[in-house]
Amino acid sequence: MQQLERLLTFLARSLVDEPEEVEVSATESDSQVTLRLRVAPGDVGRVIGRQGRIVKAIRTLVKAASVKVGKRVSVEVLD
């Protein structure tokens with residue numbers, strides 16, 4: 001699960017203007033992992049992208065990486 005957190009942190013820090021403000025927290029249950037991404041208020045739009053395209057791509061990458069973990073993964077962007 002730490003691999004997924006590191007991947008999400010890397011992707012988010014690559015996109016934002018304030019990479020030191022990126023925080024990723026994880027909640028794990030039997031078959032589900034929820035990753036919560038928090039960025040600086042001015043960077044939320046950069047992470048979400050136009051019509052949610054960037055966050056959709058991030059979710060796709062994290063889901064592809066989650067095959068190794070064997071759990072379903074969801075990514076939430078917090079305000």
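For the structure I just gave you, tell me whether V55 is of a type in the set (A, V, I, L, M, F, W, C), more than 13 Å from E5 (Cβ to Cβ), out of contact with any Asp or Glu (no Cβ under 9 Å at 6 or more places or on another chain) and in contact (Cβ under 8 Å) with a residue 12 or more places away in the chain.
Yes, satisfied.
A65 passes all but one of (1) surrounded by 12 or more Cβ atoms within 10 Å (Cβ to Cβ); (2) in contact with a Gly (Cβ under 9 Å, 6 or more places away or on another chain); (3) modelled with pLDDT under 95; which number fails?
For A65, the exception is condition (2).
Condition test on S14, is it surrounded by 15 or more Cβ atoms within 10 Å (Cβ to Cβ), polar (S, T, N, Q) and over 10 Å from the mean Cα position of the chain (by Cα)?
Values: surrounded by 15 or more Cβ atoms within 10 Å (Cβ to Cβ): no; polar (S, T, N, Q): yes; over 10 Å from the mean Cα position of the chain (by Cα): yes.
Here the answer is no, as S14 does not meet what is asked.
Starting from the stretch 64-77, take each residue that is over 23 Å from V39 (Cβ atoms) and list its partners that are loosely packed, with under 12 Cβ neighbours inside 10 Å and among the small types (G, A, S), counting only C-beta distances under 7 angstrom and pairs at least six apart or across chains.
Going by the 7 Å Cβ cut-off, the qualifying pairs are K71/S31; R72/S31.
The values are calculated or read from the model by the stated rules, or taken from the named source; none is laboratory data. Since we're looking at a predicted model, the values are computed, not measured. All Cβ positions, even for glycine, are placed from backbone atoms using ideal geometry, and neighbour counts span all protein chains on display.
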